[in-house]
1. Counting each DSSP H run of 4 or more residues in the chain as -39500 (n - 2.57), what helix-only mean residue ellipticity at 222 nm follows after dividing by all residues, to the nearest 500 deg cm²/dmol?
2. Per-residue counts of other Cβ atoms within 10 Å, averaged by peptide: what ranking do you get for 130-140, 333-343, 287-297, highest first?
3. Got a sec to turn the phi values of the stretch 292-307 into Karplus ³J(HN,Hα) couplings, 6.51 cos²θ - 1.76 cosθ + 1.60 with θ = phi - 60°, whole Hz, x for Gly and Pro?
4. Over the chain, with a Gaussian network built from C-alpha contacts below 10 Å, which listed residue (P198, P188, P227) shows the highest mean-square fluctuation?
5. Run through the stretch 1-86 and list the GluC sites (Glu not before Pro) located in a DSSP loop whose Cβ has at most 15 other Cβ atoms within 10 Å.
6. Defining a contact as two alpha carbons under 8 Å apart and six or more residues distant in sequence, what relative contact order in percent does the chain show?
7. Have a look at the DSSP beta bridges in the chain and tell me what percent are antiparallel, nearest 5.
8. Estimate the FRET efficiency between A68 and A203 by the formula 1/(1 + (r/R0)^6), using the beta-carbon distance for r and 25 Å for R0, to the nearest 0.05.
Amino acid sequence: MDTKVLKPTDENIRYAGCLIANGRLVAFPTETVYGLGADARNGEAVSAIFQAKGRPGDNPLIVHVSTAEEIPPLVSEIPEGARLLMEHFWPGPMTLIFPRSELISDEVTAGLDTVGIRMPSNPVARELIRWSGCPIAAPSANRSGRPSPTTAAHVYEDLNGRIPVILDGGPCEVGLESTVIDARGSVPVILRPGGITPEMIRAVTGDVRLDEHIMAPVAEGERVRSPGMKYRHYAPKAKTVIFDGITPKVIDEICRRYDAEQNRGGSPAILGFETHNYGGRKVLSLGVPEHPDEAAARLFAALRELDTEGRTLALCEAVGLEGIGLAVMNRMGRAAAFDIVRLE
Ligand code: TXA
Ligand code: MG
């Protein structure tokens, strides 16, 4: 199969919508990361997503809608807590868990009795949903285990020859996947942190909890509330280590390990802030520490670059856990299998 990369003109979005309506797959931009979409009601089309990605069948997909009117048929109930969050943060980088209806194919929910739904703000995504005339099930458009794609080129790298069309909407604004929230109980629980931060949620609901697996690995056989947490995601081939603590100590330790790796014939790289001095060593920039949103937008491209450049060791500066920093550290932590060195 030839994979076409198309500019998101009206005509191309209409064409892509037709493909989805006819049971085919389309990769498309959202404000978080690129998604790989199919008609959420069509079990065969949804199975093709799992095949193209090489995704484990027990990891459910998020369903994307463009208006609130599309939701009632997809769910058996809209919990009160969810309603409040929908009003404040949709359209945008937030997914909510609902009790599912029969309309959603079993392949989407991977056997769960719930469904994750999101209303993206990206205009290309919204037009695509509108033209396809159906709810679109879409995971991130990467091969399973790789970092989520934040450009059409990343999607092409992973899925060339496996899908008919990629809509190229340029780089994604947020750069990390949506915040996944279970708001069925009295206090909303964040299952996966993202662009809608705990602080933003607390300001609306008064309280919020973080799932215990956000900053910790999942043990073999342990039960989790969001199946995606079980898998070692975003892992580059390079051994990846994170350094947290007093900045000069972090920089010293990173330089020490960098030089040791190089002397051993390896190829190290630093994921760090451009305002810090690494004396000519190879740095993939996360921007500046005061702007964790820049680190969010750059992280996945940097992790991909490690592989393209054949790096053997990635030494990463930790980001503060405030705001979107929590989401950055969650993804970086998983790339490093939570190997975090604390330097106080
Ligand atoms: O920003 C995003 O959410 C992107 C764009 C394309 O919308 N999509 C995305 O999908 O990141 P994916 O499949 O890569 O991640 C979905 C995550 C997984 O961790 C999955 O386990 C969790 O959401 N999830 C989906 N449905 C769920 C459910 N019913 N209950 C708990 N977790 C669920
Ligand atoms: Mg994914």
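The values are calculated or read from the model by the stated rules, or taken from the named source; none is laboratory data. Keep in mind that what you see is a predicted model, and the values were worked out from it rather than measured. For neighbour counting, all protein chains shown are included, and Cβ atoms are generated from backbone atoms with ideal geometry for every residue, glycine included. These accessible areas exclude ligands, DNA and RNA; they are computed on the full protein's heavy atoms, side chains included. Shrake-Rupley method; radii C 1.70, N 1.55, O 1.52, S 1.80 Å.
1. Counting only the DSSP helices, I get -9500 deg cm²/dmol.
2. 130-140, 287-297, 333-343
3. x, 5, 5, 4, 4, 5, 9, 4, 5, 5, 5, 5, 5, 4, 4, 5
4. P227
5. Passing both the DSSP loop test and the Cβ count: E77.
6. Dividing the mean separation by the residue count of the chain yields 20 percent.
7. Roughly 35 percent of the DSSP beta bridges within the chain come out antiparallel.
8. It comes to 0.70.
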